[in-house]
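Report on the structure given below.
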Amino acid sequence: MEKKEKQPLSVGMKLCRVIGVVLVCAAIGYLIWSGDFDHKGIVGYVDDFMLFMAAYTFARGSFLRPERRYIRRQLYMLSSLFALLALCWVIMLAFIK
């Protein structure tokens with residue numbers, strides 16, 4: 001089997017890794033913070049889940065090898081979807097009493 005050379009890590013990917021770690025730490029901080037729009041039951045935890053998953057999938061995509069562009073793009077799109085759903089959910093919870 002032929003070995004492929006590893007592609008060097010670009011500056012943009014290094015920056016994405018740092019941003020990914022910061023986002024995961026911020027998402028964990030949001031989970032701990034008691035000032036969000038938590039309601040009783042599962043409804044209050046959906047925004048926390050969506051926000052954490054958005055940060056995690058972005059960070060996971062950032063730490064993939066440079067050769068896996070297609071998988072990274074899919075994880076970034078999934079992260080965008082989770083972020084959009086979290087934003088919609090937080091807006092909905094802000095208007096529910």
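What number of residues in region 86-97 are touching a residue at least 40 places away in the same chain (Cβ under 8 Å) and surrounded by fewer than 18 Cβ atoms within 10 Å (Cβ to Cβ)? Step through it out loud before you land on a result.
Narrowing region 86-97 to residues touching a residue at least 40 places away in the same chain (Cβ under 8 Å): 89-90, 93-94, 96.
So of that shortlist, the ones also surrounded by fewer than 18 Cβ atoms within 10 Å (Cβ to Cβ) come out as 90, 93-94, 96.
Within region 86-97, residues that are touching a residue at least 40 places away in the same chain (Cβ under 8 Å) and surrounded by fewer than 18 Cβ atoms within 10 Å (Cβ to Cβ) number 4.
Check residue 83 against each of (1) surrounded by fewer than 17 Cβ atoms within 10 Å (Cβ to Cβ); (2) under 21 Å from residue 23 (Cα atoms) and name the one condition it does not meet.
(1)
Can you tell me which of 24, 18 is among the hydrophobic types (A, V, I, L, M, F, W, C), at pLDDT 90 or above and open to solvent by 70 Å² or more (accessible area, probe 1.4 Å)? Full working, then the answer.
Working: 24 fails: open to solvent by 70 Å² or more (accessible area, probe 1.4 Å).
Among 24, 18, only 18 is among the hydrophobic types (A, V, I, L, M, F, W, C), at pLDDT 90 or above and open to solvent by 70 Å² or more (accessible area, probe 1.4 Å).
Starting from region 1-24, keep only residues that are under 16 Å from residue 59 (Cα atoms) and in a helix (DSSP H, G or I), then list their pairs with residues that are of a type outside the set (Ser, Thr, Tyr) and open to solvent by 90 Å² or more (accessible area, probe 1.4 Å) whose Cβ atoms are within a distance under 8 Å, requiring at least 6 positions of separation or different chains.
17/63; 20/60; 20/63
Could we say that residue 6 is at pLDDT below 85 and open to solvent by 60 Å² or more (accessible area, probe 1.4 Å) here? Steps first, answer last, please.
Details: at pLDDT below 85: yes; open to solvent by 60 Å² or more (accessible area, probe 1.4 Å): yes.
So residue 6 passes the test.
For region 52-74, name all the residues that are over 15 Å from residue 12 (Cα atoms), more than 9 Å from the chain's Cα centre (by Cα) and surrounded by 13 or more Cβ atoms within 10 Å (Cβ to Cβ).
71, 74
It is to be established whether one or more residues within region 43-50 are of a type in the set (Phe, Trp, Tyr), modelled with pLDDT of 85 or more and open to solvent by 50 Å² or more (accessible area, probe 1.4 Å).
At the first step, the residues of region 43-50 found to be of a type in the set (Phe, Trp, Tyr) are 45, 49.
Add one more test, that the residue is modelled with pLDDT of 85 or more, and what stays is 49.
Those left that are additionally open to solvent by 50 Å² or more (accessible area, probe 1.4 Å): 49.
Scanning region 43-50 turns up at least one residue that is of a type in the set (Phe, Trp, Tyr), modelled with pLDDT of 85 or more and open to solvent by 50 Å² or more (accessible area, probe 1.4 Å).
The values are calculated or read from the model by the stated rules, or taken from the named source; none is laboratory data. Small disclaimer: the values here were computed from a predicted structure and weren't measured. Here Cβ is always computed from backbone atoms with ideal geometry, including for glycine, and neighbour counts include all displayed protein chains. When the accessible area is computed, the model is the full protein with side chains, heavy atoms only, and any ligands, DNA or RNA have been set aside. Shrake-Rupley method; radii C 1.70, N 1.55, O 1.52, S 1.80 Å.
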